[in-house]
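The values are calculated or read from the model by the stated rules, or taken from the named source; none is laboratory data. Quick caveat, the model's predicted, so the values are computed rather than measured. With ideal geometry, Cβ positions are generated from the backbone for all residues, glycine too; neighbour counts draw on all protein chains shown.
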Amino acid sequence: MSGKGRRRRGRPGDGPVRASRRGRALLWSAGAFAALILGVAGVGAWVYTDLDGNIHGARVDDKLGGDRPANLSPGSKNILVVGSDSRDGANAGYGKGLTTMQSDTLMVVHVAADREWASVVSFPRDSRVEIPACDKGDGSKSAPHHFKINEAFAIGGTNGEVAGAAACTIRTVEATTGLRIDHFMSVDFQGFKGMVDALGGIEVCPKEAIHDKKAHLDMAAGCQTVKGEKALGYVRTRYSVGDGSDIGRIGRQQEFMEALAAKAKSRLTSPKSLYGFLSSATESLTTDEELAGIKPLYGLASEVKGVPEDRLSFLTVPNYPREADVPTDRANVVWQFPQAADLFADLARDKEVDRKALSAASRNPVYASKVRVRVLNGSGTTGRAATVADELRAEGYTVVGTGNAPDTTAATSVTYPEGQDRQAGALASRLPGVRAEPDAEATADAVTLVVGEDFKGVR
């Protein structure tokens with residue numbers, strides 16, 4: 001996570017991998033949660049029943065459709081965690097003009113099948129991705145389109161129900177990563193404030209004063225204890241701190257949650273603090289039906305708690321500012337390929353991510369704008385090359401020409417001349433199932449994309 005020092009926005013290698021110290025946050029969180037559940041069990045059955053009834057279960061399976069990624073690693077778990085920024089009730093003061101549900105934080109927790117390692121992957125909310133068609137909950141359906149990834153939660157939650165919001169977010173994450181999501185959790189703003197307040201606040205140490213009207217926050221520099229609205233504003237603030245990026249906010253949120261978990265664990269001997277913390281946590285929590293209860297959540301926490309400390313990692317999807325590809329777009333980031341695709345493929349196959357290798361590979365990104373592409377139509381469908389060329393241009397690629405392939409082909413392919421291997425690899429990794437191959441006879445200084453009958457678009 002960032003948050004220590006000021007970094008230039010979009011510097012290659014700035015956000016993909018977090019320091020190993022932050023892996024301990026997951027251990028603390030799991031340990032604190034498991035210990036708290038044990039503490040509640042010792043207080044009395046009525047407390048257990050009361051808290052168990054607080055957790056909301058949402059039915060999402062029938063909203064996901066049948067076109068989902070295959071489960072390539074039975075026994076492992078991918079858990080989608082969403083920080084919900086609903087504008088209803090006490091949350092209405094945040095984000096004036098927003099009437100739909102929002103996701104403020106989005107991450108996937110991958111727990112290995114052997115429970116010997118785990119990774120938490122954060123998705124910058126400004127990530128520009130394709131959001132698939134989703135049921136909006138009001139009888140209508142959205143059309144597929146490109147936008148910030150957090151819009152999926154708002155689209156599915158048009159009618160205010162978490163189930164629909166979660167379903168659209170799951171569909172978006174699965175379509176863009178190839179990961180099969182097994183469970184989801186959503187925590188709203190008010191529950192977060194309640195947890196902090198029950199513990200008497202959390203100490204933070206900003207290096208500079210923060211004045212952020214959007215986050216309703218005014219803070220002096222230096223260490224201080226925050227709670228209530230100030231605690232919420234601290235984890236939400238973005239534009240008034242550091243480089244103003246969402247990557248920096250992810251860092252502050254991870255640091256704050258580490259401190260929150262540590263303090264929760266230290267308060268186990270206080271029944272009042274213990275109950276207040278758990279009451280707020282469970283009241284704000286919505287999960288899929290399978291996880292909706294103290295017992296299954298405790299089981300999950302126990303599994304994560306057993307993961308060795310040195311094999312816990314916090315990562316952020318490798319990315320760079322989209323203005324590197326589209327100079328007029330200063331509002332979005334795009335994922336860095338092939339590094340992002342490699343990260344998702346490793347997790348899908350339950351392969352432990354090499355943090356150092358990912359960090360090294362992410363230091364020198366291949367911008368889409370630096371990839372010159374010639375598009376040939378091998379699908380047999382008239383006008384297909386022109387359509388795909390337009391799609392590539394929208395993603396920032398430099399299209400140098402279109403035409404027809406010599407023959408119709410079922411499979412899409414990417415070939416490249418000598419010296420264009422990195423560019424070809426970056427493009428191919430965005431086309432599911434396609435591998436870049438060298439072409440010793442190629443003379444043009446460009447990568448060649450032959451659109452086959454199986455072409456499904458650029459992810």
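Going by what's in this entry, would residue 374 be described as in contact (Cβ under 8 Å) with a residue 24 or more places away in the chain, surrounded by fewer than 18 Cβ atoms within 10 Å (Cβ to Cβ), not in a loop (DSSP other than H, G, I, E, B) and not acidic (Asp, Glu)?
So residue 374 fails the test.
Residues in the stretch 211-230 that are modelled with pLDDT of 85 or more and buried (at least 19 other Cβ atoms within 10 Å of the Cβ): 217, 219, 226, 230.
Residues of the stretch 430-457 that are under 9 Å from residue 412 (Cα atoms), of a type in the set (A, V, I, L, M) and part of a loop (DSSP other than H, G, I, E, B): 431, 434.
A Cβ distance below 7 Å, combined with a sequence gap of six or more or placement on separate chains, defines the contacts here; from the stretch 251-263, residues that are within 21 Å of residue 125 (Cα to Cα) reach residues that are surrounded by 19 or more Cβ atoms within 10 Å (Cβ to Cβ) and β-branched (Val, Ile, Thr) in the pairs 252/235; 253/105; 253/235; 256/202; 256/204; 256/235. Note on the stretch 402-419: residues that are more than 24 Å from residue 335 (Cβ to Cβ) and in contact (Cβ under 8 Å) with a residue 40 or more places away in the chain total 5.
Matching residues to (1) closer than 21 Å to residue 285 by Cα; (2) of a type in the set (A, V, I, L, M); (3) within 14 Å of the chain's Cα centre (by Cα); (4) assigned by TED's automatic domain parsing to the domain that holds residue 336:
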residue	(1), (2), (3), (4)
173	yes, yes, yes, yes
178	no, no, yes, yes
187	yes, yes, no, yes
197	yes, no, no, yes
203	no, no, no, yes
214	no, no, no, yes
225	no, no, no, yes
229	yes, no, no, yes
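From 459, 422, 435, grab the single residue that is free of Cβ contacts under 8 Å to residues at least 24 places away in the same chain and out of contact with any Phe, Trp or Tyr (no Cβ under 7 Å at 6 or more places or on another chain). It is 435. Residue 334 fulfils the conditions (1) farther than 20 Å from residue 446 by Cβ; (2) outside the structural domain of residue 178 (by TED's automatic domain parsing); (3) in contact with a Phe, Trp or Tyr (Cβ under 7 Å, 6 or more places away or on another chain) except for a single criterion, (2).
Residue by residue, here is whether (1) free of Cβ contacts under 8 Å to residues at least 12 places away in the same chain; (2) touching a helix residue (DSSP H, G or I) at 6+ places or on another chain (Cβ under 6 Å); (3) buried (at least 18 other Cβ atoms within 10 Å of the Cβ) holds:
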site: 312; (1), (2), (3): no, yes, yes
site: 320; (1), (2), (3): no, no, yes
site: 324; (1), (2), (3): no, no, yes
site: 327; (1), (2), (3): yes, no, no
site: 330; (1), (2), (3): yes, yes, no
site: 334; (1), (2), (3): no, yes, yes
site: 337; (1), (2), (3): no, yes, yes
site: 344; (1), (2), (3): no, yes, yes
site: 349; (1), (2), (3): no, no, no
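Scanning the stretch 323-356 for residues that are within 14 Å of the chain's Cα centre (by Cα), in a helix (DSSP H, G or I) and either modelled with pLDDT under 95 or more than 17 Å from residue 425 (Cβ to Cβ) (or both) yields a single hit, 347. The residues listed here are 401, 433, 419; of these, the one that is closer than 30 Å to residue 171 by Cβ and not assigned by TED's automatic domain parsing to the domain that holds residue 75 is 433.
When you check residue 406 against the structure, is it surrounded by fewer than 16 Cβ atoms within 10 Å (Cβ to Cβ) and in a loop (DSSP other than H, G, I, E, B), yes or no?
Working: surrounded by fewer than 16 Cβ atoms within 10 Å (Cβ to Cβ): yes; in a loop (DSSP other than H, G, I, E, B): yes.
Yes, satisfied.
Please go through the stretch 159-215 and give me each residue that is of a type in the set (Val, Ile, Thr) and not in a strand (DSSP E or B), ordered by number.
Applying the first criterion (of a type in the set (Val, Ile, Thr)) to the stretch 159-215 yields 162, 169-170, 172-173, 176-177, 181, 187, 196, 202, 204, 210.
Once the filter is applied, which keeps residues that are of a type in the set (Val, Ile, Thr) and not in a strand (DSSP E or B), the stretch 159-215 yields 162, 169, 170, 172, 173, 176, 177, 181, 196.
The set of residues in the stretch 95-139 that are in a loop (DSSP other than H, G, I, E, B), aliphatic (A, V, I, L, M) and at pLDDT below 90 comprises 98, 101.
What about residue 295, is it at pLDDT 80 or above, more than 24 Å from the chain's Cα centre (by Cα) and assigned to a helix (DSSP H, G or I)? If you could, list the steps in order and put the result at the bottom.
Numbers: at pLDDT 80 or above: yes; more than 24 Å from the chain's Cα centre (by Cα): yes; assigned to a helix (DSSP H, G or I): yes.
Yes: the conditions hold for residue 295.
Restricting attention to the stretch 35-64, the residues that are at pLDDT below 65 and not in a helix (DSSP H, G or I) add up to 1.
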